[in-house]
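The values are calculated or read from the model by the stated rules, or taken from the named source; none is laboratory data. Since the model is a prediction, treat every value here as computed from it, not as a measurement. Cβ placement follows ideal geometry from the backbone for every residue including glycine, while neighbour counts extend to all protein chains displayed. Side chains included, ligands, DNA and RNA excluded: accessible areas come from the protein's heavy atoms. Shrake-Rupley method; radii C 1.70, N 1.55, O 1.52, S 1.80 Å.
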Amino acid sequence: MALCIGLMSGTSADGMDACLVDISNDSIKLVDAICLNYPHDVTRRLRDIALSEHLLVNDIATLDQQLASYAVSAVQALLKKANIKAEDVMVIGSHGHTLRHQAQPNGFSWQLGNPSYIAEHCRIDCVADFRRRDIAAGGQGAPLVPAFHQFALKQLAPCAVVNIGGIANITVVDDVLIGFDTGPGNALMDEWCLQNWNTVCDQGGNKAASGQVIEDLLDRWLAHPYFSAPAPKSTGRELFNLTSLGELNHYCAEDIAATLTEFTARSIALAVTHFAQNCRHVMICGGGVHNANLMHRLSLALPTHKIESTSEVGIDPDWMEAMAFAWLGWRTINGLPGNIPSVTGAAGERILGGIYKA
């Protein structure tokens, strides 16, 4: 067994997740975890740059360093909480914070969070920049978490795992592993809340629950060609943002919140229906699992499926992605591939990321 740390800063931009796991060749156990919440102004800045057409180099460099500092603070707090010494940890797998992601052809992906600084100040080897090697091999570079879903949940096959972060993604664990980004997760809902109520999210989905779905808007959004495109495919805030949805401000704010929530639920349901025909068990992880209204709408969209949190099968939904990047870092350190070509479309299995020595 080996102690490893995973770091994740997702497109919701609400904080730095850090988890400590114990990994062997055939098992993983969560030891401890924390989330270092970002100040409100940092969350707003990260969400703004995800949609900005023009970025200053100095601003990017400053954010790169700022996120690395949050990563170091998260690791140090986690080690103190778990009463573990840095020298007892094999590796940190750091996802970083995605600045830009573009699918193939001519794909690229860029994550912030200086891994050299993390390795230096945590005194632990750090693996980062996981996506670009898969892209270099012709893949999407995303999603990478399905490989971990297969490792952690293969005994439950056939099943589907849906991670609802800023962008949602699905893993179909069956005879052939399938995984791809389904479209919007929490990002559009969060962006609308920030714009209208100056809150980072719709807590529990209460505002959306008080509104009515605007069906003609929903139909127009669901007609987006991304949803009918074949897998492998990946997406991000560049494709799904409020600006891309047209003028919304003349509608009731709660009605738009309800429609955005239904948009996420229906787009996930489309993916499950079309790509997970053998699966009647759908497990949810990520921040979306705490949105009771979203979970209700998802159950209505998939009435013949069992919809439940991954907590019901022993994996805390809040730490799934951070655990995945701890595992991916462990694989890199051990010279093992981390991508699944059937998921990303890469030419073959590849050892992912760069190793930054302590």
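Considering only the range 101-119, I want to know if a residue exists there that is in a loop (DSSP other than H, G, I, E, B), over 30 Å from ASN278 (Cα atoms) and touching a strand residue (DSSP E or B) at 6+ places or on another chain (Cβ under 6 Å).
Yes, because at least one residue in the range 101-119 is in a loop (DSSP other than H, G, I, E, B), over 30 Å from ASN278 (Cα atoms) and touching a strand residue (DSSP E or B) at 6+ places or on another chain (Cβ under 6 Å).
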Task: Residue in the range 202-212 that is farthest from TYR38 (Cα to Cα), counting only those that are in contact with an Asp or Glu (Cβ under 6 Å, 6 or more places away or on another chain) and surrounded by fewer than 18 Cβ atoms within 10 Å (Cβ to Cβ) - done: GLN212
TODO: Could you check, for the range 283-300, whether at least one of its residues is over 15 Å from GLY185 (Cα atoms), surrounded by fewer than 23 Cβ atoms within 10 Å (Cβ to Cβ) and either out of contact with any Lys or Arg (no Cβ under 8 Å at 6 or more places or on another chain) or free of Cβ contacts under 8 Å to residues at least 60 places away in the same chain (or both)?
DONE: yes
Task: Residue satisfying condition, being in contact with a Gly (Cβ under 8 Å, 6 or more places away or on another chain), of a type in the set (Phe, Trp, Tyr) and either at pLDDT below 95 or assigned to a loop (DSSP other than H, G, I, E, B) (or both), within set PHE240, PHE227 - done: PHE240
Open item on the list: Considering only residues that are closer than 20 Å to ALA322 by Cβ, open to solvent by 70 Å² or more (accessible area, probe 1.4 Å) and acidic (Asp, Glu), which ones fall in the range 12-55?
Closed with: ASP14
TODO: Read through the list (1) assigned to a loop (DSSP other than H, G, I, E, B); (2) in contact with a helix residue (DSSP H, G or I) (Cβ under 7 Å, 6 or more places away or on another chain), then give the number of the only condition that SER234 fails.
DONE: (2)
Task: Within the range 56-85, considering residues that are under 15 Å from THR98 (Cα atoms) and free of Cβ contacts under 8 Å to residues at least 12 places away in the same chain, the one most open to solvent (accessible area, probe 1.4 Å) - done: THR62
Open item on the list: Looking at PHE240 and the list (1) crowded, with 19+ Cβ neighbours inside 10 Å; (2) in contact with a Phe, Trp or Tyr (Cβ under 7 Å, 6 or more places away or on another chain); (3) within 27 Å of ARG132 (Cα to Cα), which single condition is not satisfied?
Closed with: (2)
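Just one of THR264, THR273, THR304, THR235 is within 23 Å of ALA160 (Cβ to Cβ), of a type outside the set (Phe, Trp, Tyr) and touching a Pro at 6+ places or on another chain (Cβ under 6 Å); which is it? Reasoning before the result, please.
Values: THR273 fails: touching a Pro at 6+ places or on another chain (Cβ under 6 Å); THR304 fails: touching a Pro at 6+ places or on another chain (Cβ under 6 Å); THR235 fails: touching a Pro at 6+ places or on another chain (Cβ under 6 Å).
Just one listed residue meets the conditions, THR264.
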Task: Qualifying position, being assigned to a strand (DSSP E or B), acidic (Asp, Glu) and over 18 Å from the mean Cα position of the chain (by Cα), among ASP41, ASP22, ASP17 - done: ASP22
